[in-house]
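Just below is one structure, and these are the notes that go with it.
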Amino acid sequence: MYLGRTTLSKFLIQQLTGIPGANDLGALLIDVAAAIKAISAMTAKGALGGYLGEQGGKNAQGETQQKLDVLAHEVMIRSCEWGGLLAGMVSEELEDPCAVPEEYVRGRYLLAFDPLDGSSNIDVNVAVGTIFSVLRHDSLAPPGAADYLQPGCRQVAAGYAIYGPATMLVITVGKGTHGFTLDREIGNFILTHPDLEIPPDSSEFAINTSNARFWEPPVHRYVSECQAGKSGIRCRDFNMRWIASLVAEVHRILMRGGVFMYPKDTRDASRPGRLRLLYEANPISLLVEQAGGRATTGRERLMEVDPLSLHQRVPLILGSRNEVERIERYHAEYQSGTDRPYVSPLFNERSLFRPEALT
């Protein structure tokens, strides 16, 4: 059925030709793909495999681990640690980096990954995924935590898998964003969505409105305009989506456009964002930019943020370029005070004496 179609291995050979260290990078991505196949099989079995439910422990951020969180983490570690391609790994599930065992050859790459994004959706059979980022490690010394603290613009490859009706792997090595579908009959990822492009304009946005009371005024301003639809200044209707799975949200945007927002909020001054920079926001942002979209914190390009810690969290706004640039402009106007007279209804001054009543 797929006679003549491009497999992941063939695609990587073509894409990486002429790039220093191409053979090792391609081999590492094949190892990651092998882990994704195993995770896909586990998620597909669900309750039949005894994979549902809580594990009982906590991850590095104090979040309750699901059984599949732990299993997916172990699969990724075991698939990638022995090949002589990695110097070390960072996972959402571990507080500190995972060193390559001494009995294995140490390579020149670092892998940061979220083994099972959206795991709160596992028990309700909603799409979940795996996110990964590849960085260089040019030192001969074993990597420490500081070696992983590289801005997203220094990534050499990134990708995610989505475990939905079909399992798809979406990757970039800096030459566009490309989607592969797993053919379970032959065990190969087949290129089915080459050169993905996010349309610059969109009438669809994704945000968790239950957090509206914590949003900053620029986000209120944008969402209010979208909700006003044809009767507002945007002069068209918008649809809202929210899946609570970053991979699923981004996959929809890559397929048909839109905007995803997990913005800065006021809940906790020590955690201005909720998504992890190294193994969620950075790899997703590279994929989005390589597809013609834009990714920002609201105040700066996401991939130019300098990491300060392994599990640092950041705000993330991404998707169709023109919409994201509008949101960035709203943040800039708010910062400079030039967004007045717009004020979100939630931020109006409350008083028994309105100025107009005194004239």
* **Cα convex hull of the stretch 204-345 - mean projected area over all directions, nm²** => 8.5 nm²
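Order of 14-22, 301-309 by packing, highest average Cβ count within 10 Å first? Walk me through the intermediate numbers first.
Working: 14-22: 13.6, 301-309: 16.3.
The densest-packed peptide leads the list: 301-309, 14-22.
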* Nearest-20 debye value, the stretch 94-224 charge dipole, Cβ charges on Lys, Arg, Asp, Glu -> 280 debye
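Residues with beta-carbon under 15 Å from that of L111, excluding L111: net charge, scoring Lys, Arg +1 and Asp, Glu -1? Intermediate values should be presented prior to the final figure.
On the way: positive: R78, R106, R108, R136, R154, R276; negative: D24, D31, E74, E81, E92, E93, D96, D114, D147, E280.
Taking every Cβ under 15 Å from that of L111, the sum is -4.
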* Asked: Say the dipole of the stretch 204-345 comes from +1 at the beta carbon of Lys and Arg and -1 at that of Asp and Glu; which of H251, L277, T209 then lies farthest toward its positive end?
  -> T209
* Asked: Peptides 154-164, 274-284, 64-74: what's the order by average Cβ count within 10 Å, highest mean first?
  -> 274-284, 154-164, 64-74
* Give the residue from F11, L308, L94 lying farthest towards the positive end of the charge dipole for the chain; charges sit on Cβ (+1 for Lys and Arg, -1 for Asp and Glu) and the dipole is referred to the Cα centre. => F11
* Asked: What's the Kirkwood radius of the stretch 179-227 in Å, using all Cα pairs?
  -> 14.5 Å
* Structure fact -> In deg cm²/dmol, rounded to the nearest 500, the helical mean residue ellipticity at 222 nm of the chain, built from -39500 (n - 2.57) for every DSSP H run of length 4 or more, is -8500 deg cm²/dmol
* To do: For every other residue with a beta carbon closer than 14 angstrom to the beta carbon of A33, add +1 if it is Lys or Arg and -1 if Asp or Glu, then tell me the sum.
  => +1
* To do: Any lysines with Cα under 25 Å of the K175 Cα? List them, leaving off those in the same chain fewer than 8 positions away.
  => K10, K37
* To do: Would you kindly derive the ³J(HN,Hα) couplings of the stretch 271-281 from the backbone phi angles with the Karplus curve 6.51 cos²θ - 1.76 cosθ + 1.60 (θ = phi - 60°), listing them in order in whole Hz, with x for Gly and Pro?
  => 10, x, x, 10, 9, 6, 5, 5, 10, 10, 5
* Starting from the Cα of A99, step 7 Å along the direction of its Cβ; do the same at V126; then give the gap between the two resulting points in nm. => 4.0 nm
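Can you name the helices of the chain, as whole DSSP H runs, whose Cα span along the helix axis is 24 Å or more and whose Kyte-Doolittle mean is not below 1.0?
Numbers: long enough: 22-45 (35 Å, 1.05).
Long hydrophobic helices here: 22-45.
Any number yet on Rg/Rh for the stretch 104-181, C-alpha, Kirkwood?
My calculation of the ratio gives 1.05.
So if I take the alpha carbon set of the stretch 253-300, get Rg, then get Rh from the Kirkwood formula, what is the Rg over Rh ratio?
Values: Rg = 11.8 Å, Rh = 11.9 Å.
Expressed as Rg/Rh, it is 0.99.
Assigning unit charges at the beta carbon (Lys, Arg +1; Asp, Glu -1) and nothing else, what dipole magnitude in debye, to the nearest 20, does the chain show about its Cα centre?
With Lys and Arg at +1 and Asp and Glu at -1, about 820 debye.
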* **Packing-based ranking, highest mean first, of 215-225, 178-188 given that Cβ atoms within 10 Å are counted** => 215-225, 178-188
* Most fluctuating residue of V259, V75, V128 in a GNM of the chain with Cα springs under 10 Å: which is it? -> V75
* Total charge dipole magnitude, the stretch 8-193, about the Cα centre, Cβ charges on Lys, Arg, Asp, Glu only, Debye to nearest 20 -> 640 debye
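Read-outs: derived from the displayed coordinates by stated rules, not from any lab. Since the model is a prediction, treat every value here as computed from it, not as a measurement. Because the Cβ atoms are built from the backbone with ideal geometry, glycine has one as well, and the counts that use them run over all protein chains shown.
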